[in-house]
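A quick write-up on the structure given underneath.
Please treat every number below as a calculation from the coordinates, not as lab data. Small disclaimer: the values here were computed from a predicted structure and weren't measured. No Cβ is skipped: glycine too gets one built from the backbone with ideal geometry, and neighbour counts run over all protein chains shown.
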Amino acid sequence: MTRVVMLAALAVSAAGAFQTPVMLRSATATRRVTVPQVLATKMVAVDPPRVRTFIKKDIKQPDPICQTGQENTMKVMQSGRMYRYNVGKAEESEVSLCEKAITDYTGHKYCVALNSCGSAIFLMLKAAGVKPGDKVLSNAFTFGAVPSAIEHAGGTAVYVESNDAYVMDTEELEVQLKANPDCKYVLISHMRGKLADMDAIKAVCDRYEAMLLEDCAHSLGVYWKGKHSGHHGKAACISSQSYKMLNSGEGGFFLTDDDYMAAAVATYAGAYEGLSVKHLTVPPLEAFKGLSNKLPNYSLRMSALAAAVIRPQVSTLDQRAEKYNERYEKLKSELSRRAKGLLTVPDVTPGVSQPVHDSIQFNLADHITPAQVDQFLAECHAHGLPVELFGAKSNARNFVNWEFAPAQDPLPKTSKMLARACDVRLPLMWDDEDFHTMADVIVESLDAALM
Ligand SMILES: Cc1ncc(COP(=O)(O)O)c(C=O)c1O
């Protein structure tokens, strides 16, 4: 666009003043602002240099470990007792105390700490009874670790279409259960903390006598009608990998109210020779009877170091969720206003009583061409904001990339959504104003891509 720019300023007139962009620099970003410009006597039409906003902060910045977490870890290291069972009794175990803190928060009866959420899902499927070749229905849109865990357990993944709000489509679940009457397991994954209509999902599973299992890797802190997520299924799993609500680098937890599943997962993880007595959140010894001879020990336990880091983080979950949500709502309304008609940010499912928006997703409008989508992403990347497209060729959340567990159907609804669905982290350690800068980069990149 051509604008008139000033060559020499001689007079000021409020009535005649117009706005022009100037650049302001701060430690974190370059921001564009507009100020009244002095009227010029001699004017000429030229193309002004495009003034763009840049982000300098790291979008992958994880949350630091609080002082208590650091001190707990030092104590564990000083004692040398990093193996979870190298304690006199359960109450002395960092891992057992951490499992207790998790169950106190989520309201589950039992919890087993593991080395990752992928391991937790694998063991959940094994404890649920998945045998080689058994079909397991799951979201077509989730992270590759989910079909990987199904493959690890010997199951065959069958995918259910996800909708534009990134959740499993309830009607499509019914279609798949009808088409696969031999399928007895549904593993729902609450991608990016988004919950489907969980009452409806559970009702469909019950109608087809399929066991519902939940991947809550992203939904720690998310509540459904006042109760923590992960209670519709027979069991659930959470993650403490660095980009989740708990950060221990790597880590995961299995959660259930079911005696057998809790005992089986603790045994598979490596509670051999009666070591279950060193847990605080597993069923009594009778539930373990004979299990350590029947079930293999896959050695997937959590280390005391990870647990020491995690435990103090549990009590701050709701407080952090509040901060995330406040920033998210502001960013959502700014983007919806400034990029109206170009993108939509789907609402959460009614029934979610507390979301956790530690990232934002939006769908680019249908009239934006694939080439413009690519240009938009390139513009964002070039300006310091690596917006990810779920449908990108290299994205591990794009089902076409799961060659190890391929989809049998083309999944057109999910494909359409993935091709326009963008994903951005909202790092907790950033400042409030950085999210306004983020909106600037997104809006300017859309502008540039659509020129
Ligand atoms: C939806 C989902 N489920 C499961 C996992 C596995 O978690 P972990 O990395 O702790 O194994 C991830 C990992 O990011 C995930 O995104």
TODO: Could you tell me the convex hull volume per residue, in Å³, taken over the Cα atoms of region 160-224?
DONE: 72 Å³
Task: Candidate aspartates and glutamates for bridging to Lys340, where Cα separation is under 16 Å - those fewer than 8 sequence places away on the same chain excluded - done: Glu329, Asp366, Asp440, Glu444, Asp447
- [ ] Return Asp206, Asp358 ranked ascending by Cβ neighbour count within 10 Å, so the fewest neighbours appear first.
- [x] Asp206, Asp358
Task: Computed helical MRE - 222 nm, the chain, DSSP H runs ≥ 4 contributing -39500 (n - 2.57), nearest 500 - done: -10500 deg cm²/dmol
- [ ] Using the structure shown, select from Lys131/Lys393; Lys202/Lys393; Lys109/Lys178; Lys57/Lys323; Lys178/Lys413 the pairs with a Cα to Cα distance greater than 24 angstrom.
- [x] Lys131/Lys393; Lys202/Lys393; Lys109/Lys178
Task: Proximal aspartates and glutamates to Lys289, defined as alpha-carbon separation beneath 15 angstrom and excluding residues fewer than eight positions away on the same chain - done: Asp259, Glu273
TODO: Quick one: order Val441, Val309 by neighbouring beta-carbon count within 10 Å, fewest to most.
DONE: Val441, Val309
Open item on the list: Give me the three principal axis extents of region 67-314 from the C-alpha atoms, as integers in angstrom, largest value leading.
Closed with: 56, 40, 28
TODO: Over 24 Å between C-alpha atoms is what I'm after, so list which of Lys234/Lys332; Lys184/Lys244; Lys56/Lys332; Lys89/Lys294; Lys184/Lys234 land there.
DONE: Lys234/Lys332; Lys184/Lys244; Lys89/Lys294
Task: Size-normalised alpha-carbon gyration radius of the chain, reference 2.2 N^0.38 Å - done: 1.13
Task: In degrees, nearest ten, helix 370-382 long axis to first principal axis of the chain (Cα) - done: 90 degrees
Open item on the list: Tell me the relative contact order for region 317-450 as a rounded percent, counting alpha carbon contacts under 8 Å between residues six or more apart.
Closed with: 33 percent
TODO: Counting only C-alpha contacts under 8 Å and six or more residues apart, can you give the relative contact order of the chain as a whole percent?
DONE: 19 percent
Open item on the list: How large is the Rg to Rh ratio of region 166-281 when both quantities use alpha carbon positions and Rh follows Kirkwood?
Closed with: 1.01
- [ ] Note the angle between two axes, namely the Cα long axis of helix 317-338 and the longest principal axis of the Cα atoms of the chain, as a number of degrees from 0 to 90, rounded to the nearest 10.
- [x] 40 degrees
Open item on the list: When a/c reaches 1.5 or more, the comparison of a/b and b/c decides; with that in mind, is region 317-450 rounded, prolate or oblate per its Cα gyration tensor?
Closed with: oblate
Open item on the list: Tell me the angle of helix 304-314 to the major Cα principal axis of the chain, expressed in degrees between 0 and 90 and rounded to the nearest ten.
Closed with: 60 degrees
- [ ] Using DSSP, restrict attention to beta bridges with both residues in the chain and report what percent are antiparallel, rounded to the nearest 5.
- [x] 70 percent
TODO: Using only Cα atoms, locate the centre of region 171-236 and the centre of region 244-266, then give the distance between them in Å, rounded to an integer.
DONE: 17 Å
